[in-house]
2 protein chains.
Amino acid sequence: MPKQVDPHSRRTLLADALLRVAASRGLMDVSLRHVAAEAGVTAGMVQHYFRTKDEMMVFALDVVAARVQARLEEGPAPDGPRARVRALLVQLLPVDADRELEGRVAIAFHAYAATRPAVAARLREDARRMREAIAAEVAAAGAPGALDPQRAATGLVSLVEGLAIHVLGGHVDADHALATLEGHLDLAFALPRL
Amino acid sequence: MPKQVDPHSRRTLLADALLRVAASRGLMDVSLRHVAAEAGVTAGMVQHYFRTKDEMMVFALDVVAARVQARLEEGPAPDGPRARVRALLVQLLPVDADRELEGRVAIAFHAYAATRPAVAARLREDARRMREAIAAEVAAAGAPGALDPQRAATGLVSLVEGLAIHVLGGHVDADHALATLEGHLDLAFALPRL
DNA sequence: TGCTTTACGTTGCACTTGCAACGCGAAGGA
DNA sequence: TCCTTCGCGTTGCAAGTGCAACGTAAAGCA
């Protein structure tokens, strides 16, 4: 056999190219040939590692999900529930170039999920995990009179996703979004003197 | 000349077909021929009313925007700032079939906007108007110690957009979303006894 | 030295896409 | 009555699409 390559790293390479194309030109422009060109390889190689385009899409989605997950777990967990939840949610805001790319990809995939049940299920599962993690922290914090943990979690995650859309669309800037998030965190964790 | 038709109603008819295709099969499947088929006309007629596909897309976006706007203005304005803001925001949640379709279209167009500056500008303007309307109501209500009006408005609009995504994705049900919205309205308008 | 397997590259095909171009019948005005 | 103009329908085309099929060089095992 030839050079014996690691298939997973090859697939990741292609997935990265896909994500770049998706972020810069939209999901409609994601084709075998465009991805191949972006990765600097031939279309035949793409076909070698993904039997179908859909398989490639799903794998790319897995890559972003794993990457976000990894970022959430890296570094020591901050002190206190509020800080931990904040750390989680900030990862979803497009505050730098990497996260902006991921944000654009996320929007594209939300639209894509509308027609692909498998993709939709994946996003649903991710969202569920995120909500539960946050609800647990809110419950642990035992905020006195604010929202119940489930609703607070749903609210915070939704808020951040909405903020991400507005930041990416240029409707508001990242600072305003961060400030808004801080305010809502205060509410959810019932800051003293509210 | 032949039967002398109203061009605007024809274009609206085609735009409706486009929206149905976009909602049911995604924006990637929106093509001249599919739209024509959905509308029950020939592809040639579509070309007659829209010189380019992009022109058709933008017109369709205008149609939804106008429709949402019309719905916001119909009926008497509710009593009190909180109720008025609630009425605004509920229109953006997919609580029935019509709004679900519009929600799917909205997501698709947010993704589309990433590559079309003209579309992005349109969405930005719509969002700005919505935020200002809400900020004005919040300010008028003079909520004592909660968020400042600008942030509250950004937060509420983002929250609702995020909730819409989660409802459409099947992550949470409409009732939960509504309840979450109520809770956040209470916070923004600083309900007694918080 | 074969022989097989891996990892691609190449070619081709059926199909869809946006769009231009042309045709053409039905209405009016002259 | 002619003749223009509008409202489409039809056809065609170059480009792009996903995917199958085949070829083929390299690397290991026998």
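Each row is one residue, and each column tells you yes or no for (1) among the basic types (Lys, Arg); (2) within 30 Å of A:Asp29 (Cα to Cα); (3) more than 10 Å from every other protein chain (Cβ to nearest Cβ); (4) outside any helix (DSSP H, G or I).
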site: B:Val64; (1), (2), (3), (4): no, yes, yes, no
site: B:Tyr112; (1), (2), (3), (4): no, yes, no, no
site: B:Leu123; (1), (2), (3), (4): no, yes, no, no
site: B:Asp126; (1), (2), (3), (4): no, yes, no, no
site: B:Glu137; (1), (2), (3), (4): no, no, yes, no
site: B:Leu156; (1), (2), (3), (4): no, no, no, no
Of the listed residues (A:Ala146, A:Ala140), the one being surrounded by fewer than 16 Cβ atoms within 10 Å (Cβ to Cβ), modelled with pLDDT under 90 and more than 17 Å from A:Leu72 (Cβ to Cβ) is A:Ala140
Give me the pairs, please: first residue somewhere in segment B:107-121 and surrounded by fewer than 19 Cβ atoms within 10 Å (Cβ to Cβ), second residue anywhere and not in a helix (DSSP H, G or I), beta-carbon distance under 9 Å, and either six or more positions apart or on two chains.
B:Thr115/A:Gly26; B:Arg116/A:Gly26; B:Ala121/A:Gly170
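Considering each of A:Leu13, A:Leu27 in turn, give the residue that is within 15 Å of DNA strand C (Cβ to nearest atom) and away from chain B (no Cβ under 14 Å). Before you say what the answer is, go through the steps one by one.
Details: A:Leu27 fails: away from chain B (no Cβ under 14 Å).
Going through A:Leu13, A:Leu27 in turn, just one is within 15 Å of DNA strand C (Cβ to nearest atom) and away from chain B (no Cβ under 14 Å): A:Leu13.
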Go through segment A:90-101 and give me each residue that's outside any helix (DSSP H, G or I) and within 20 Å of A:Ala135 (Cα to Cα).
A:Gln91, A:Leu92, A:Leu93
Could you please find all residues in segment B:45-65 being modelled with pLDDT of 95 or more and of a type in the set (Gly, Ala, Ser)?
B:Ala60
For segment A:37-83, give me each residue that is within 16 Å of DNA strand C (Cβ to nearest atom), aliphatic (A, V, I, L, M) and closer than 17 Å to A:Ser9 by Cβ.
A:Ala39, A:Val41, A:Met45, A:Val46, A:Met56
Go through (1) of a type outside the set (Asp, Glu); (2) within 14 Å of chain B (Cβ to nearest Cβ); (3) within 16 Å of DNA strand D (Cβ to nearest atom) and name the single condition A:Pro94 misses.
(3)
Quick one: what pairs do we get from segment A:39-56, first residue away from chain B (no Cβ under 14 Å), second of a type in the set (Lys, Arg) and within 8 Å of DNA strand D (Cβ to nearest atom), C-beta under 7 Å, 6+ apart or different chains?
A:Ala43/A:Arg33
Find the residue count for segment B:122-137, including only residues that are surrounded by fewer than 19 Cβ atoms within 10 Å (Cβ to Cβ) and under 17 Å from B:Asp54 (Cβ atoms).
1
In segment A:116-127, is there at least one residue being in the same structural domain as A:Arg84 (by TED's automatic domain parsing) and farther than 24 Å from A:Arg67 by Cα?
no
Quick check on segment B:35-47. Is at least one of its residues assigned by TED's automatic domain parsing to the domain that holds B:Ala152 and small (Gly, Ala, Ser)?
no
Taking interchain pairs and intrachain pairs at least six residues apart, which have beta carbon atoms under 9 angstrom, with the first residue in segment B:170-187 and more than 9 Å from chain A (Cβ to nearest Cβ) and closer than 15 Å to B:Pro81 by Cα and the second of a type outside the set (D, E, K, R) and assigned to a helix (DSSP H, G or I)?
B:Leu185/B:Val85; B:Leu185/B:Leu89; B:Leu185/B:Leu156
Restricting to segment A:21-62, name every residue that is buried (at least 18 other Cβ atoms within 10 Å of the Cβ) and not in a helix (DSSP H, G or I).
A:Gly26, A:Val30, A:Phe50
Kindly list the number of the only condition in (1) part of a helix (DSSP H, G or I); (2) in contact (Cβ under 8 Å) with a residue 24 or more places away in the chain; (3) away from chain B (no Cβ under 11 Å) that fails for A:Ala87.
(2)
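The values are calculated or read from the model by the stated rules, or taken from the named source; none is laboratory data. This one's a predicted model, so the numbers in the text were calculated from it and none came from an experiment. So basically every Cβ, Gly included, is an ideal-geometry build from the backbone, and we count neighbours across all protein chains shown.
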